[in-house]
Number of protein chains: 2
Amino acid sequence: MRLSELSRRSAVPTATIKYYLREGLLPPGRLTSATQAQYDEGHLSRLRLVRALVGPGGLSIATVRSVLAAIDDPPESPLELLGRATELLSASPGECGGAETDGAETDGGETGGTGDPVRRTVAALGWSVAEGSGAMGELAAALDAIDEAQLTLLEGGVARYAEVLHGLAVEEVATVPDDSPEAAVRQVVLGTVLIEPLLLALRRLALQDAAGRRFGQSRTGSGSQSRGV
Amino acid sequence: MRLSELSRRSAVPTATIKYYLREGLLPPGRLTSATQAQYDEGHLSRLRLVRALVGPGGLSIATVRSVLAAIDDPPESPLELLGRATELLSASPGECGGAETDGAETDGGETGGTGDPVRRTVAALGWSVAEGSGAMGELAAALDAIDEAQLTLLEGGVARYAEVLHGLAVEEVATVPDDSPEAAVRQVVLGTVLIEPLLLALRRLALQDAAGRRFGQSRTGSGSQSRGV
């Protein structure tokens, strides 16, 4: 198909497709003349993947390029592949998280810490994770922030969240195909990146509903806030 | 206490404190001379809150200012308060999510959609949420992305995630104090913002562990990847 049809079928503007081609996120088409190229179903599926990662997935162009490289040249064992994918992704929340660039200087050291409480936390959970994993740093930062803000956690604390998320993780890992490394890395990366916004959005809505149930009826007595949107 | 002691006790550099004072995130101290001001425990606790929100919380200065305003002037009912806090926060993932600013133009319409599938999803769950809530838009975007990427969800699909997160939400809402609006909004805002990075970090670690258990032993047989970090 020609660029215009690729654009129509993917609902991605031609200028954006050209940008992805220039950035190497999409392999070049097959030249049929000096100014014409043909694209195939592989381009369409790759384009959809790129859109998902760059758009709501929120990954930078550079991270997407690394993810695509891992898909195109997967490591041998599924475990190694998972480790590489996790490492790639561990940069992505940092792209957002470090919102400390508003004019105030950072003071380092604050979230780095020794990491010991985090290692103890993970060890207490009995989890086996890569030493120096980006997610360990993120966990340390999250725990520091909760600590600093003296936030009251739910009954059971961090261990309760860990228990629930590990249960989900086991169910999620069951969906990873073990016959094709390409399919496996695709599932792992997309499952990590695309499920995160889903979890956060669902959690905020669940909190609204749960709060309405606790406070809505007894306090305001507002019928319009009860069940049935 | 003087600025230097406030800095020492909070581990926040004086230049950063001065920046927060200029931005109105911290109320001015009590002037004791033309160039000296005194700060109290209230400043220290407010400063810790600001650090938590700006740092790992990842909120912009403007959002933090709105959150502080809601704490200082809370609405009457806890439900209204929760609604306002949720609305304030619904802007924050957008600050990160729209990573489409890399040079390619956006094509709008893509994540907006009609919202109907999302309303149906939420209605099917029996949740009561504010119409037009930012989280609805985030859910729509997340579902679109999953759909576009043709990601295989775990058994039970979105409803399974919803069930698990609603269970957590009920436990979380139980921690919101109902005697003081200030304490309630603090718990709601911090509980939303600070728990999100915790959830994501724990999930990534849980996925590592779960994947190691499924693939590590049988495929690579690597003993170092088994239990006990």
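Okay, here's what the table says:
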item: Any hit, the range B:142-159, residues being out of contact with any Leu (no Cβ under 8 Å at 6 or more places or on another chain) and touching a residue at least 24 places away in the same chain (Cβ under 8 Å); result: yes
item: Residues of the range A:14-38 classified as in contact (Cβ under 8 Å) with a residue 24 or more places away in the chain, within 24 Å of A:V67 (Cβ to Cβ) and in contact with a strand residue (DSSP E or B) (Cβ under 8 Å, 6 or more places away or on another chain), total; result: 1
item: Selection within the range B:14-41 - assigned to a strand (DSSP E or B) and of a type in the set (G, A, S); result: B:A37
item: Breaking point among (1) open to solvent by 20 Å² or more (accessible area, probe 1.4 Å); (2) β-branched (V, I, T); (3) at pLDDT 95 or above, for A:T35; result: (3)
item: Flag for A:R219 being modelled with pLDDT under 90 and crowded, with 23+ Cβ neighbours inside 10 Å; result: no
item: Condition broken by A:V188, with the remaining ones in (1) in contact with a Leu (Cβ under 8 Å, 6 or more places away or on another chain); (2) under 23 Å from B:R214 (Cα atoms); (3) modelled with pLDDT of 85 or more satisfied; result: (3)
item: Complete set of residues in the range B:1-13 that are out of contact with any Leu (no Cβ under 8 Å at 6 or more places or on another chain) and outside any loop (DSSP other than H, G, I, E, B); result: B:L3, B:S4, B:E5, B:S7, B:R8
item: Set A:G24, A:G55, A:G42: member being among the small types (G, A, S), open to solvent by 30 Å² or more (accessible area, probe 1.4 Å) and under 26 Å from B:L143 (Cβ atoms); result: A:G42
item: So A:V173, is it of a type outside the set (F, W, Y), crowded, with 19+ Cβ neighbours inside 10 Å and closer than 16 Å to B:L151 by Cβ; result: yes
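Here's the yes/no breakdown for (1) assigned to a helix (DSSP H, G or I); (2) open to solvent by 60 Å² or more (accessible area, probe 1.4 Å):
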residue	(1), (2)
A:E138	yes, no
A:L143	yes, no
A:L151	no, no
A:V158	yes, no
A:V164	yes, no
A:D178	no, yes
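The values are calculated or read from the model by the stated rules, or taken from the named source; none is laboratory data. Predicted model, so just to flag it, every value in this text is computed and none were measured. Every residue, glycine as well, gets a Cβ built from its backbone with ideal geometry; the counts of neighbours run over all protein chains shown. When the accessible area is computed, the model is the full protein with side chains, heavy atoms only, and any ligands, DNA or RNA have been set aside. Shrake-Rupley method; radii C 1.70, N 1.55, O 1.52, S 1.80 Å.
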